[in-house]
There are 2 protein chains.
Amino acid sequence: MRKNVTLKQIAKELNVSVSTVSKALRDNEEIGLETREKIQAFAKMYNYKPNSIALSLRNKSSQTIAIIIPQIVNHFFTKVIQGIESVANERNYNVIIAVSNDSFSKEVINMQTLVNGSIDGFILSVAKETLKLKDYHHFTETISQGVPIVLFDRQVDEINCDKVIIDDEKGAQKATEKLIETGCKKIVFVTTEDFVSVGNLRKKGYRNALEKNNLSVDETLIIKVKDVLKSDEIESFIFNELEKLTQYHPDIDGLIGVNEFYTITAANFFKKKEIKIPDEVSIIAFSDGVLPKYSYPSLTAVSQHGDKIGETAARLLIDKLEGITQEDYHQTIVIETDLIERDSTK
Amino acid sequence: MRKNVTLKQIAKELNVSVSTVSKALRDNEEIGLETREKIQAFAKMYNYKPNSIALSLRNKSSQTIAIIIPQIVNHFFTKVIQGIESVANERNYNVIIAVSNDSFSKEVINMQTLVNGSIDGFILSVAKETLKLKDYHHFTETISQGVPIVLFDRQVDEINCDKVIIDDEKGAQKATEKLIETGCKKIVFVTTEDFVSVGNLRKKGYRNALEKNNLSVDETLIIKVKDVLKSDEIESFIFNELEKLTQYHPDIDGLIGVNEFYTITAANFFKKKEIKIPDEVSIIAFSDGVLPKYSYPSLTAVSQHGDKIGETAARLLIDKLEGITQEDYHQTIVIETDLIERDSTK
């Protein structure tokens, strides 16, 4: 089989980013003339083509929508996909999925591969690295080519498109208020680093609830799980942080985690220490996957309704593809969260 | 946007199966002449084309492999995808994923959409409905078009291609032997209906272990969860079956479930009845997702190594695509399972 050079190979060969190659090949003036010419010459020599035959298919509806998610081993994202699938099936669309693995260059490459494969539109949650780099040219280029995008969960304000978001702030506020109502006064918050927008919004909700109830916000009670940690390192990180925290603050009586994994790990810390849930410490998980439901005791959780998010995103996209809504009319739909009360709160 | 009629629409309109439409359009003589002509005329009238422009792309490597899985909200399948992604990334291939939702016609449509979108090859686990119908023409047609397939987990003997399977029989036998060694004499087996090949193989392993240890096989101890049940109906089904079973057999002292969901549900039944795990009943889960690890007590589990299955499948496929192995040389690689001992066994 004859192989064409890929964007990634050009980037590697010339020691530049995939984004630079992509921009240079589109003759974008953000890239210096010399670099642009070097990349264009290299691409020509190695037979890189943005596939004009495939491009010609673009104007025809393929009845296929593409989803790009940051991670695949993630219950929330798979529930969103399930929701998208159910609406897409009903309305006679095929669905294909790609994973960015939270990498900027994989997100760019996935998007280009799929657009070339004649996709009608995208439903997408932004990769962490893209949020960090704040480089959104692949989104704007795709939209300007007439391929609509619906962003969900991890969105960016800078992009003008349909969006489906969770009321992260309100969800975390409701969870914190539930703990305060049931008597908690010292509530730990286990979250991501600040650049992850949803972690940040949930932290804001936590602060709001404390302030509204005249409880002081103690920054040392906020555990930020380092983004570089591998999944098997997260447990010992959270255990160590909680170990230190419970020594300084033996009166900790509540905990909220921004995802089910952080939360169940924290719950296991308390079980190991024989600190009783919910008698001594009440716990709420943000996101209601299989873990909160089946853990013992079962955990009260903020349900983000992943399936509903997916259904809504699919409806927005297909309505646009079928001309039911206008191309330049953009909606942001906020999906309300629910607090599913179980046995980890009083 | 101009829309072309899809296979599914033709099938619906003429009240025949997608498979019949697909065969008729390929002028397959399995379909009666009259039906064939009717379908061909209809397809022509409504402008159905197997997309000759896209077909012309077929001979060019797209550096993209497609995965089709039966379910997306499933930890095992997402681990397999993760394994495929890691090898594909290393070897510079893109990965796209589609979900059959265990439906035969969705599997067929996904396959055709992806082949038309210029995919180099498939990694696939067969839909339940396809196994039931025993209709594999979409696999044989794809292979005969020069697009290789690697089957994993749920495979079919009738298809000649590379396969990656789990030693389901041996895995279940090892699990049953572990329970027998630790003193269990009356072991319940919670499984699928017989047409699901992996459930069947695991049951065989369970029987082997009992027979090898001169324990009689009591068919009433085998609970077959009905395939038609929705996920929220499975719990009450398993609870009811166990309720009846423990009344007839108060001396039940072991249980194995063929997936983590059945197993944790059974474990919850015993917790509800205040039957102590593992003192009164020992439990082993087949498949090691997040549930066995984080449940309380944590469950001993048969790890199927989903990531390793994915890595192996990707290697087999890419080796074939790059001519490292010959087109007509087919391997079946068996991935060994491991018993991860935790707190639900003695």
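The values are calculated or read from the model by the stated rules, or taken from the named source; none is laboratory data. In this text the structure is predicted, and so the values were computed from the model without any measurement. Cβ coordinates were reconstructed from backbone atoms using ideal geometry, including for glycine residues, and neighbour counts include every protein chain displayed. For accessibility, only protein heavy atoms count, side chains too; no ligands or nucleic acids. Shrake-Rupley method; radii C 1.70, N 1.55, O 1.52, S 1.80 Å.
DSSP loop (so not H, G, I, E, B), at most 14 other Cβ within 10 Å: list which trypsin sites (Lys or Arg not before Pro) in the stretch A:248-280 pass both filters. Write out the running numbers ahead of the final one.
Details: sites: A:LYS271, A:LYS272, A:LYS273, A:LYS276; in loops: A:LYS273, A:LYS276.
Answer by residue number: A:LYS273, A:LYS276.
Dipole size of chain A about its Cα centre, with +1 on Lys/Arg Cβ and -1 on Asp/Glu Cβ: approximately 900 debye, rounded to the nearest 20. Roughly speaking, what is the centre-to-centre gap between the stretch A:65-98 and the stretch A:209-266 when only Cα atoms are used, to the nearest Å? Spelled out, the Cα-based centre of one part sits 32 Å from the other. The charge dipole of the stretch A:168-304, taken about its Cα centre with unit charges on the Cβ of Lys, Arg, Asp and Glu (plus for the first two, minus for the last two), comes to roughly 220 debye.
Eigenvalues of the alpha-carbon gyration tensor of the stretch B:85-164, scaled by 5 and square-rooted, set the equivalent ellipsoid semi-axes at 20, 14, 13 angstrom, largest first. Residues of the stretch A:85-130 whose accessible area (probe 1.4 Å, heavy atoms of protein chains only) drops by at least 40 Å² once all protein chains are present, relative to their chain alone: A:GLU85, A:ASN89, A:ASN92, A:ASN94, A:ILE96, A:ILE97, A:LYS106, A:THR113.
Ellipsoid semi-axes for the stretch B:120-238, based on the Cα gyration tensor and the rule √(5λ), read 33, 18, 11 Å when sorted largest first. Computed over protein heavy atoms with a 1.4 Å probe, the accessible surface of chain A works out to 43 Å² per residue. Full extension of the segment from A:GLU211 to A:SER298, taken as 0.36 nm per residue of separation minus the current Cα-Cα distance, would add 28.4 nm.
Counting only Cβ charges, +1 for Lys and Arg and -1 for Asp and Glu, the dipole size of the stretch A:7-50 around its Cα centre is about 240 debye.
If contacts are Cα pairs under 8 angstrom and at least 6 residues apart, what is the relative contact order of chain B in percent? Don't skip to the end; give the middle numbers.
Working: 611 pairs, mean separation 60.8, N = 346.
About 18 percent, as a whole number.
In the stretch A:161-263, taking the dipole from charged Cβ atoms about the Cα centre, the farthest positive-side position among A:VAL188, A:ALA172, A:VAL258 is held by A:ALA172.
Rounded, prolate or oblate: which fits the stretch A:134-181, taking a ≥ b ≥ c as square roots of the Cα gyration tensor eigenvalues, rounded meaning a/c under 1.5, else prolate when a/b beats b/c? Spell out each step's value before the answer.
Details: a/c = 6.00, a/b = 3.40, b/c = 1.76.
Prolate, because a/c is 1.5 or more and a/b exceeds b/c.
Dividing the helix sum by the residues of chain B, where each DSSP H run of 4 or more adds -39500 (n - 2.57), gives a mean residue ellipticity at 222 nm of -14000 deg cm²/dmol. Averaging 1/r over every pair of different alpha carbons in the stretch A:7-50 and inverting the result gives a Kirkwood radius of 10.0 Å.
Sorted shortest first, the separations between the A:ASP279 label point and its copies elsewhere in the assembly read 1.7 nm; each point sits 7 Å from Cα along the Cα-to-Cβ line. In a DSSP loop and with at most 16 other Cβ atoms within 10 Å, the chymotrypsin sites (Phe, Trp or Tyr not before Pro) in the stretch B:160-207 are B:PHE195.
May I ask for the equivalent-ellipsoid semi-axes of the stretch A:229-327, computed as the square root of five times each C-alpha gyration tensor eigenvalue and listed largest first in whole Å?
Working: eigenvalues 286, 41, 25 Å².
Semi-axes from the Cα gyration tensor: 38, 14, 11 Å.
So what's the net charge close to B:GLU233: Lys and Arg +1, Asp and Glu -1, counting the other residues with Cβ under 14 Å from its Cβ? Net charge around B:GLU233: -2. Considering only B:ILE234, B:ILE264, B:ILE309, the mean-square fluctuation computed in a Gaussian network model of chain B, springs between alpha carbons under 10 angstrom, is largest for B:ILE234. Between rounded, prolate and oblate, where does the stretch A:168-304 land on the alpha carbon gyration tensor, with a ≥ b ≥ c its root eigenvalues, rounded for a/c under 1.5, else prolate if a/b exceeds b/c? Here the stretch A:168-304 falls in the rounded category.
A Gaussian network model of chain A, with springs between Cα atoms under 10 Å, assigns the largest mean-square fluctuation among A:GLU241, A:GLU90, A:GLU193 to A:GLU90.
For B:GLY183, inter-copy separations between label points set 7 Å beyond Cα along the Cβ vector come to 4.0 nm, shortest first. If I model a spin label as a point 7 Å beyond the Cα along the Cα-Cβ vector, how far apart are those points for A:TYR136 and A:ASN28 in nm? Between A:TYR136 and A:ASN28, the label points sit 1.3 nm apart. In the stretch A:90-136, the inverse of the mean reciprocal separation of distinct Cα atoms equals 11.6 Å; this is its Kirkwood hydrodynamic radius. Relative to the 2.2 N^0.38 Å rule of thumb, the protein assembly as shown has a C-alpha radius of gyration ratio of 1.01.
The apolar share of the surface of the protein assembly as shown, taken as the fraction of accessible area on carbon and sulfur atoms (1.4 Å probe, ligands and nucleic acids excluded), comes to 47 percent.
From Cα pairs below 8 angstrom and at least 6 apart in sequence, can you work out the relative contact order of the stretch A:168-304, rounded to a whole percent? Over the stretch A:168-304, the number comes to 25 percent. For chain B, with a Gaussian network of springs between Cα atoms less than 10 Å apart, report the residue from B:ALA127, B:ALA41, B:ALA11 with the top mean-square fluctuation. Ranking B:ALA127, B:ALA41, B:ALA11 by mean-square fluctuation puts B:ALA41 first.
Using only Cα atoms, what is the ratio of the radius of gyration of the stretch B:278-346 to 2.2 N^0.38 Å? Provide the component values of the computation, followed by the final result.
Working: Rg = 17.5 Å, N = 69, 2.2 N^0.38 = 11.0 Å.
In units of the 2.2 N^0.38 Å rule of thumb, it is 1.59.
In the protein assembly as shown, taking the dipole from charged Cβ atoms about the Cα centre, the farthest positive-side position among A:TYR248, B:LEU33, B:VAL108 is held by B:LEU33. Bridges between two residues of the stretch B:244-346, per DSSP, are antiparallel at a rate of about 30%.
Of all DSSP-defined beta bridges confined to chain B, some 10% are antiparallel rather than parallel. Between chain B and chain A, roughly 4500 Å² of accessible surface gets buried, counting both sides and using a 1.4 Å probe.
Label-point spacing for A:GLY32 across the identical copies (point 7 Å from Cα in the Cβ direction), in nm and ascending order: 7.4.
From the Kirkwood radius over Cα pairs of the stretch A:148-215, Stokes-Einstein at 25 °C and 0.890 mPa s returns a whole-number translational diffusion coefficient of 187 µm²/s. For the stretch A:63-129, the Kirkwood estimate of the hydrodynamic radius, built from every pair of different alpha carbons, is 12.0 Å. Calculate log10 I(q)/I(0) of chain B for q = 0.08 Å⁻¹, where I(q) comes from the Debye formula with a single equal point scatterer on each Cα and nothing for solvent. Here log10 of I(q) over I(0) equals -0.46.
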